[in-house]
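Peer 1: Sharing a structure with you now.
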Amino acid sequence: MNERATSPDEGNLVFCLRPVRPTEGLKIFCVPLKDVITVGRHPSNTVVIPLESVSRYHARIERSGDRLMIFDLNSSNGTYIEKQRITVAPLGHNQTVTFGDVEFRCELLEPSEAAAYAPPCVQFLSTDQVPLFRSGKPANSPTQPRCNWPRPLPITNH
């Protein structure tokens, strides 16, 4: 892992979850690395994944000292880091995390790096759950260009 994985509180990093495979209805979610990030199907979560394999309140990501921790919230289909089911585990830059059957790549980015992901493919969120960018139409609607997804990052074994 690189240095970002061990020092999430350096600067003002942005935490992004990028789908490993483009999936209709999913975007890249980017959240300032502050407080607690909740993940689930329910609209009250910080990151909302509107798919049936994801529980309403699926997981929580938070800082613990100088590291990020992910907690499964007794989800039906589980939370996985690098294909290993977890209840609580450290989470680092460039790791894969799976909620239900949806796999994401975790990225800790400088704000300028996160800004390279452009709407409509990305949803930038503030930690008070108010979107900073939000399109009123689906990402692949006829009035918007199709998402030009970044080249997938290679999956590395740890």
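The values are calculated or read from the model by the stated rules, or taken from the named source; none is laboratory data. These numbers were taken from a predicted model, which means no experiment stands behind them. Glycine gets a Cβ as well: all are built from the backbone with ideal geometry, and neighbour counts include every protein chain shown. Quick note on the areas: whole protein, heavy atoms, side chains included, nothing else; ligands and nucleic acids left out. Shrake-Rupley method; radii C 1.70, N 1.55, O 1.52, S 1.80 Å.
Peer 1: For the range 4-88, what is the relative contact order in percent, using Cα pairs closer than 8 Å and at least 6 residues apart in sequence?
Peer 2: About 21 percent, as a whole number.
Peer 1: For the pair R56/S44, report the inter-label distance in nm, with labels modelled 7 Å from Cα in the Cβ direction.
Peer 2: Rounded to a tenth, the inter-label distance reads 0.9 nm.
Peer 1: What is the spin-label model distance, in nm, from V36 to E24 if the labels are put 7 Å beyond Cα along the C-beta direction?
Peer 2: For the pair V36/E24, the computed spacing is 3.5 nm.
Peer 1: Calculate the radius of gyration of the Cα atoms of the range 13-67 to one decimal place, then report Dmax, the largest Cα-Cα distance, as a whole number, both in Å.
Peer 2: 11.7, 36
Peer 1: Using a Förster distance of 25 Å, how high is the FRET efficiency between M69 and A116, based on the Cβ-Cβ distance and rounded to 0.05?
Peer 2: That pair, M69 with A116, gives E of 0.40.
Peer 1: Please report, as a whole percent, how much of the solvent-accessible surface of the range 18-114 comes from carbon and sulfur atoms (probe radius 1.4 Å).
Peer 2: Ligands and nucleic acids excluded, carbon and sulfur reach 48 percent.
Peer 1: Which cross-chain or sequence-distant (5 or more) residues have an amide H under 5 Å from the amide H of L68, H modelled 1.01 Å from N in plane?
Peer 2: Amide H neighbours of L68: L91.
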